[in-house]
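Please read the structure below before turning to the comments.
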Amino acid sequence: MEDRTQTTLIALRRILRATELNARRLAKATGLTTPQLIVLEIVTAAGRATPKDIAGKAGIGQATATSLVDKLETAGLVTRTRGERDRRVVWVAPTDAGKQMIDSAPDPLQRTFSDQFERLPDWEQAMIVAALEKVGAMLNAEMIDASPLLDVGAVDRR
């Protein structure tokens, strides 16, 4: 195997391991998956949000957002209430326990990545996007449904 190929495979493996280790660290510290923590962060930052708002901000489907909210509600981290004017609207709000969880939770890996990526010049961002899209194509991953969450496994698991 050529040196560049090995170097590239090692870099890919490191990315996969970093994602996996971060997910484990979050789960150990909070008992939540990365997507659950992201949803809780969105709700906490907004004060309250609808599942549609959550889905849009998290880059996931509304059904997935609802499933994640179900799990957070079961854990006592969010509550649901019906809208006063329109009973069809469901508002999701953090509980005190949910707010405490956010205050004490470690940063998800995607925030670390996003903060650093957004500081890069446009040309470098474009180069990284192009390279990663090419890698995805080389791995026949173009048709795999994915959300913009750095995590392993299905988004709405557990």
Pick from region 25-57, criterion closer than 22 Å to Gln100 by Cβ, surrounded by fewer than 21 Cβ atoms within 10 Å (Cβ to Cβ) and small (Gly, Ala, Ser), ranking: farthest from the chain's Cα centre (by Cα)
Gly47
Please find, within region 77-101, the residue that is farthest from the chain's Cα centre (by Cα) out of those that are over 18 Å from Pro51 (Cβ atoms) and surrounded by fewer than 17 Cβ atoms within 10 Å (Cβ to Cβ).
Asp96
With the requirement that a residue be polar (S, T, N, Q) and either surrounded by 14 or more Cβ atoms within 10 Å (Cβ to Cβ) or farther than 28 Å from Thr50 by Cβ (or both), what does region 113-135 give you?
Gln116, Gln125
Subset tally (residues that are under 14 Å from Pro94 (Cβ atoms) and in contact with a Lys or Arg (Cβ under 7 Å, 6 or more places away or on another chain)) for region 22-68
3
Where the second residue is polar (S, T, N, Q) and part of a loop (DSSP other than H, G, I, E, B) and the first is under 18 Å from Thr79 (Cβ atoms) and lies in region 89-110, which pairs have Cβ atoms under 8 Å and are six or more apart or on separate chains?
Val89/Thr50; Val90/Thr50; Trp91/Thr50; Val92/Thr50
Looking at the structure I just gave you, is Gln125 among the polar types (S, T, N, Q) and more than 30 Å from Lys28 (Cα to Cα)?
yes
Helices (runs of 4 or more DSSP H) lying entirely in region 42-154 (those with 3 or more residues that are modelled with pLDDT of 90 or more and touching a Leu at 6+ places or on another chain (Cβ under 7 Å)):
96-104
Any residue in region 4-20 that is surrounded by 15 or more Cβ atoms within 10 Å (Cβ to Cβ), closer than 30 Å to Pro94 by Cα, in contact (Cβ under 8 Å) with a residue 12 or more places away in the chain and in contact with a Ser or Thr (Cβ under 8 Å, 6 or more places away or on another chain)?
no
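The values are calculated or read from the model by the stated rules, or taken from the named source; none is laboratory data. The model shown is predicted, which means the values in this text are computed figures rather than measured ones. So basically every Cβ, Gly included, is an ideal-geometry build from the backbone, and we count neighbours across all protein chains shown.
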